[in-house]
């Protein structure tokens, strides 16, 4: 940090305008052709895959939801000039060499490596204009606000996923499967900042206006890995943890045979999945400058604060300057924990025949990210309906999502052999559109011979 930002307006702008590293291969949820990455949505789905084996060489997915950032024609990303509570929520997911293997029709094993990142930020309502460049200009613009409040939470980790699933019960009309995924995690990156009800008073002296801060608290922290000098040092400053996901899947069969093969993973009528995903949390060692502050010093005016902050040239100097603005401050020395996006997913898939399907999904987060006492993450998915036309080698998908932020997204995806490419929200292509949406790419290798899949793998035993 060569030139630290001005404290309160800087934090506020960071919370609402920082471009963040932004899971959901949404179009493929519920499909028997998803392969090894189906366990990202339900650990039981590996045994109900259409394939005996599947190797996903890589998959990448990014998603962002905001009411503050938009793509301004000709000038890149800008912030809305309005007086609103501003939020940015983003997640990013990369998987490598996800491998599925089914030794028989009743058991499946899945292994993969993933890197995941979640970032959440939100402020109370404040007015933003592009003329704000200091604490003073921020307070002049927002003199009527009762206080300043906001947060940002970021976490990133890598994980090895060990999945096992099996058929629990099967008869001529239905099949029940269950699965579990053990996640072996390593926390790689974390940071947070909080401003909690920082209030201020305005004083006028002729044409001059000044502000003093009267109440509130703040804190910020980051993982010690940022201060590592080499890979060994980085590894010594990161912590390991375990996570768990589990699910069941219930399938009813069509009454008529599909291409001569009955009771197989393609020829279902209804498929209902329930999963509990991402139980667990990652812990991080705090960096040396991680600190918390209480009760602003009312004798220090905003102009003096600007000078103190702008004259710093390192993060430690910045922290030292901030501590002089409060009556009480202390270092954060204990490890801090950020929960994973624990959620309940209910997925219903209907086979309409002639390769047409429709999928409905509800995702319910266990945690809110707005807590000022806990550091948490969550998914953006809430309700999704996805019509699709799909075969082993081709597919067209039209997911319609209503997310946790009350936004309606219309997306699309296509499958061409081993490649799947999708977009979360086509609204992002409009002129001066809010930066809402994202996309995903998946490249996988598996059997493409329908006769082999249905004739050898899924015939009744």
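Against the condition surrounded by fewer than 19 Cβ atoms within 10 Å (Cβ to Cβ), within 28 Å of residue 277 (Cβ to Cβ) and modelled with pLDDT of 95 or more, how does residue 340 come out, does it pass?
Values: surrounded by fewer than 19 Cβ atoms within 10 Å (Cβ to Cβ): no; within 28 Å of residue 277 (Cβ to Cβ): yes; modelled with pLDDT of 95 or more: yes.
Considered against the rule, which asks whether it is surrounded by fewer than 19 Cβ atoms within 10 Å (Cβ to Cβ), within 28 Å of residue 277 (Cβ to Cβ) and modelled with pLDDT of 95 or more, residue 340 comes out as no.
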Considering only segment 353-374, state which residues are under 18 Å from residue 399 (Cβ atoms) and either at pLDDT below 95 or assigned to a loop (DSSP other than H, G, I, E, B) (or both). 355
Given the structure, is residue 215 surrounded by fewer than 14 Cβ atoms within 10 Å (Cβ to Cβ) and within 30 Å of residue 141 (Cβ to Cβ)? no
When you look at residue 321, is it more than 27 Å from residue 283 (Cα to Cα), in contact with a helix residue (DSSP H, G or I) (Cβ under 7 Å, 6 or more places away or on another chain), surrounded by fewer than 20 Cβ atoms within 10 Å (Cβ to Cβ) and at pLDDT below 95, yes or no? yes
Being in contact with a helix residue (DSSP H, G or I) (Cβ under 9 Å, 6 or more places away or on another chain), farther than 28 Å from residue 316 by Cα, surrounded by 21 or more Cβ atoms within 10 Å (Cβ to Cβ) and modelled with pLDDT under 95 is true for just one of 265, 258. Which residue is that? 265
Could you tell me which of the residues 337, 319 is in contact with a strand residue (DSSP E or B) (Cβ under 6 Å, 6 or more places away or on another chain) and outside any strand (DSSP E or B)? 319
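One line per residue, one yes/no per condition, for (1) assigned to a strand (DSSP E or B); (2) at pLDDT 95 or above; (3) more than 19 Å from residue 38 (Cα to Cα):
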position: 381; (1), (2), (3): no, no, no
position: 395; (1), (2), (3): yes, yes, no
position: 431; (1), (2), (3): no, no, yes
position: 448; (1), (2), (3): no, no, no
The number of residues in segment 268-280 that are surrounded by fewer than 21 Cβ atoms within 10 Å (Cβ to Cβ) and assigned to a strand (DSSP E or B) is 6
Any chance residue 118 is modelled with pLDDT of 95 or more and within 19 Å of residue 375 (Cα to Cα): yes
When segment 281-296 is examined, which residues are found to be closer than 13 Å to residue 333 by Cα, in a strand (DSSP E or B) and touching a helix residue (DSSP H, G or I) at 6+ places or on another chain (Cβ under 9 Å)? 284, 286, 291
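Can you name the strands (runs of 3 or more DSSP E) wholly within segment 173-253 that have at least 1 residues being under 28 Å from residue 145 (Cβ atoms)? If you could, list the steps in order and put the result at the bottom.
Details: elements: 174-205, 208-222, 240-253.
Strands (runs of 3 or more DSSP E) meeting the threshold: 174-205, 208-222.
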Candidates 83, 64, 77, filtered to the one that is surrounded by fewer than 14 Cβ atoms within 10 Å (Cβ to Cβ) and either touching a strand residue (DSSP E or B) at 6+ places or on another chain (Cβ under 9 Å) or at pLDDT 95 or above (or both): 77
Given the condition under 28 Å from residue 375 (Cβ atoms), outside any strand (DSSP E or B) and touching a helix residue (DSSP H, G or I) at 6+ places or on another chain (Cβ under 8 Å), answer yes or no: does some residue in segment 84-106 qualify? yes
Examine segment 139-157 for a residue that is more than 29 Å from residue 243 (Cβ to Cβ), part of a strand (DSSP E or B) and modelled with pLDDT under 95, and state whether such a residue exists. yes
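Does residue 224 qualify as being out of contact with any helix residue (DSSP H, G or I) (no Cβ under 8 Å at 6 or more places or on another chain), at pLDDT 90 or above and crowded, with 17+ Cβ neighbours inside 10 Å? Steps first, please.
Values: out of contact with any helix residue (DSSP H, G or I) (no Cβ under 8 Å at 6 or more places or on another chain): yes; at pLDDT 90 or above: yes; crowded, with 17+ Cβ neighbours inside 10 Å: yes.
Yes; evaluated as a whole, the condition is true for this residue.
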Residues located in segment 106-136, provided they are under 30 Å from residue 176 (Cα atoms) and crowded, with 20+ Cβ neighbours inside 10 Å: 108, 110, 112, 114
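The values are calculated or read from the model by the stated rules, or taken from the named source; none is laboratory data. A quick note: this is a predicted structure, and the numbers were derived from the prediction, not measured. FYI the Cβ positions are ideal-geometry reconstructions off the backbone, even for glycines, and counts take in every protein chain you see.
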